[in-house]
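Inspection log for the structure reproduced underneath, given as structure tokens.
Every read-out reported here was derived from the displayed coordinates using simple, explicitly stated rules and does not represent laboratory data. What you see is a predicted model, and the numbers here were worked out from it, not measured in a lab. Here the Cβ positions follow ideal geometry from the backbone for every residue, glycine too, while neighbour counts run over all protein chains shown.
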Amino acid sequence: MNTEKLTQAALKGVDAVGYQLDRMGITDKVNRHNIAAFLMAEQHHLEGEWESLQTRLDRYRRQAGDMLDSLEREGSPVLRPVAERINRFRRNDDNKSQTE
């Protein structure tokens, strides 16, 4: 069954449920238009949440990078090997993000 037929079957089912609820006097708010509006609003909400998470992740990456740069410049010789290991992972992460 292709997606168009499946979508149409689902919408007909929603319409039938909405009609029955309206006929019983329960509600007239169940219809394909309200469901589509709800889904679109939720899609925008999720896109906003995703952008917020991406921004927060970028900020944490920048803070970690600044901290590592500070360690490399001013850090004690004991911490330099740790910073070098972290930088190796950071370079790999930067290379991945540039290829995307």
Legend entry - Whole-number percent relative contact order across the chain, with pairs defined as alpha carbons under 8 Å at least 6 apart: 12
Inset, instruction - Rank Gly13, Gly48, Gly25 by mean-square fluctuation in a GNM of the chain with C-alpha springs under 10 angstrom and give only the top-ranked residue. - result: Gly25
Inset, instruction - Tell me what the chain gives for mean residue ellipticity at 222 nm when only DSSP H runs of n ≥ 4 count, each as -39,500 (n - 2.57), the sum divided by the residue total, rounded to 500 deg cm²/dmol. - result: -30000 deg cm²/dmol
Inset, instruction - Any chance you could give the angle, 0 to 90 degrees and rounded to 10, that helix 3-23 forms with the longest Cα principal axis of the chain? - result: 60
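If the only charges are +1 at each Lys and Arg Cβ and -1 at each Asp and Glu Cβ, what is the size of the charge dipole of the chain around the Cα centre, to the nearest 20 debye?
Numbers: 16 positive and 17 negative charges, 54 e Å.
That gives the chain a dipole magnitude of about 260 debye.
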Inset, instruction - Mind pulling the angle between the C-alpha long axis of helix 80-99 and the longest principal axis of the chain? Nearest 10 degrees, somewhere in 0 to 90. - result: 40
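Assuming 0.36 nm per residue, please report the length gained on full extension of the stretch Gln54 to Gln8 beyond their Cα-Cα distance. Spell out each step's value before the answer.
Working: separation 46, 0.36 × 46 = 16.56 nm, distance 3.56 nm.
My answer for the length gained is 13.0 nm.
At a temperature of 37 °C and a viscosity of 0.692 mPa s, determine how fast the chain diffuses translationally according to Stokes-Einstein, using the Kirkwood radius over alpha-carbon pairs as Rh; express D in µm²/s, rounded to the nearest whole number. Please report the intermediate quantities before stating the final value.
Values: Rh = 18.6 Å.
Taking Rh from Cα pairs, D becomes 176 µm²/s.
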